[in-house]
Amino acid sequence: MGDEALQVVLRFFRALADASRLRILGIVADRECSVDELASLLSLKAPTVSHHLNKLKELGLMRMRQVGTSHLYSLDEEALRALSRDVLTPAKMVSLADDLEGGAWERKVLRDFFDGERLKQIPAVLKKKMVVLHWLADRFEPGIRYPEFQVNEILKRHHLDSAELRRGMIDHQLMQREHGVYWRTVQPAPVSQDSMP
């Protein structure tokens, strides 16, 4: 699960991790209510109810319509169904751990093959080599054009065989080359910048 999707899940559970908000949802699922009505039903102050309604509105769970000077709130059932469908499926729950497992394995590969920032050897297994190549590709800024000598300088900080590493990044489309000038392709790296062993 990507960071953006994870943030949606977190916002969903944070918003619903409050007894008053759950009660508000229960009430407005049955009928429209004003802030004052909700405050009276829940024995809360109106500003507290407004605060809870704002949290639920941030998720898109509340509908509001104005009648005179009153605002009436009701549950947006379709938004609740969509959130439930997008958040509470077994596949989505499993995907919460996918990134952690993959990230842990990639960090282990980096620890195994690097001594600090120095690559001890280029992995022979393609899957492990790709982790190393992605990490190396992250040493290059997207949108910057690098002459070959500069690419070699950057790669030699990590391993002497800059030619093999350069070819690997080109072959696996992590970088592109034209007339001796290289640039990084825009691809999400599997390992974050902070994952250095």
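Annotation: Cα Rg of region 3-87 relative to the compact-globule expectation 2.2 N^0.38 Å equals 1.08. Please compute the modelled spin-label separation between residue 42 and residue 71, points set 7 Å along Cα→Cβ, answer in nm with one decimal. Roughly 1.4 nm, to one decimal. Cross-link partners of residue 128 among lysines, defined as those whose alpha carbon lies under 26 angstrom from its own and excluding same-chain residues fewer than eight positions apart: 108, 120, 156.
From the P(r) of region 15-59, could you give the percentage of C-alpha pairs in the tail past 12 Å?
Of all Cα-Cα pairs in region 15-59, 55 percent lie more than 12 Å apart.
Close amide H pairs (under 5 Å, H built 1.01 Å from N) link residue 119 with 159, residues at least 5 positions away or on another chain.
Charge tally for residue 147 (other residues, Cβ to Cβ under 13 Å; Lys, Arg +1; Asp, Glu -1): 0. Its residues counted as N, region 102-195 yields a C-alpha radius of gyration over 2.2 N^0.38 Å of 1.00.
The numbers here are math on the coordinates, done by the rules we state, and not lab data. Just so it is clear, the structure is predicted and the values come from calculations on it, not from any experiment. Quick reminder, even Gly has a Cβ in these numbers, built from the backbone with ideal geometry, and neighbours come from all protein chains shown.
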